[in-house]
Structures are given as structure tokens and as C-alpha cells.
Amino acid sequence: MKTIWHNLKEVLINTFDYIGLAWWVEIVTQNPRCTYYFGPFLSSSDATLASKGYIEDLEIEGAQGIIVNVKRCKPSNLTIADDLGERFDRKVQPAFGGQI
């Protein structure tokens, strides 16, 4: 049953992402000046729950001035390094937050 739910959830997330209704975690750091997008997620609560781990990882890497937004969007680039004027497209798999 978990496999069926997992597959259905993945299809829903991909569909929502395609039409711009998926939830994403946007994290902006002041030092370094970067914007990161993590997702897509099916719900804002899944995205919010997952954001804690992303924040911890950035803090461990020394990022400062972290601002977090959970929002519906369709980012074209998943990492934007403002300091370097570069855009990086991280290749990521859909993230699934919470228990299945």
C-alpha cells in the first residue's frame, strides 16, 4: 500500500509542479548572497517540515542571514549565487516530506 501511495504522491507532485501549484522552500542567505529552492512538495506543511533540515545544513556550512519562505512557485533555477552573478541548476529528485 505504501508503494501505491508513494507513486500516487509522486505523480501528484509532478503534476502540481508542472502547472505551478507545487510548494517550494525558498531560502535566501545574506552571506553568501544566494537563493536556494528546495522541492517540489505537495503541501505547505510538507515543505515547512523539510525546511528545518535545509536550514540546519546551511548553518553547518556557515551561511548567515537566513530567510525562509514556503510558497507556491515554479523556479527555473534551483540555486542562484548573487555574489558570483551565476545561476546553478541543481539536479534533484522530488522531495517527499513527512511520513508515508
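The values are calculated or read from the model by the stated rules, or taken from the named source; none is laboratory data. Here the structure is a predicted model, which means the values were calculated and not measured. All Cβ positions, glycine included, derive from the backbone under ideal geometry; neighbour counts span all protein chains shown. Accessible surface is based on the protein model in full, side chains and every heavy atom, while ligands, DNA and RNA are left aside. Shrake-Rupley method; radii C 1.70, N 1.55, O 1.52, S 1.80 Å.
Looking only at the range 43-50, decide whether some residue is open to solvent by less than 30 Å² (accessible area, probe 1.4 Å) and under 18 Å from Thr79 (Cα atoms). For the range 43-50, residues open to solvent by less than 30 Å² (accessible area, probe 1.4 Å) and under 18 Å from Thr79 (Cα atoms): present. The residues of the range 35-64 that are within 25 Å of Val11 (Cα to Cα) and in a helix (DSSP H, G or I), listed by number, are Ser44, Ser45, Asp46, Ala47, Thr48, Leu49, Ala50, Ser51, Lys52, Gly53, Tyr54. Restricting attention to the range 2-19, report how many residues are in a loop (DSSP other than H, G, I, E, B) and either touching an Asp or Glu at 6+ places or on another chain (Cβ under 9 Å) or closer than 30 Å to Glu59 by Cβ (or both). Adding up the residues that qualify gives 0. Within the range 47-71, the residues that satisfy the criterion of being farther than 14 Å from Trp24 by Cβ and not aliphatic (A, V, I, L, M) are Lys52, Gly53, Glu56, Asp57, Glu59, Glu61, Gly62, Gln64, Gly65.
Among the residues of the range 13-32, the ones that are closer than 15 Å to Ile55 by Cα and open to solvent by 40 Å² or more (accessible area, probe 1.4 Å) come to 3 in all.
The sole residue among Tyr37, Tyr54 that is touching a Leu at 6+ places or on another chain (Cβ under 7 Å), touching a residue at least 24 places away in the same chain (Cβ under 8 Å) and surrounded by 15 or more Cβ atoms within 10 Å (Cβ to Cβ) is Tyr37.
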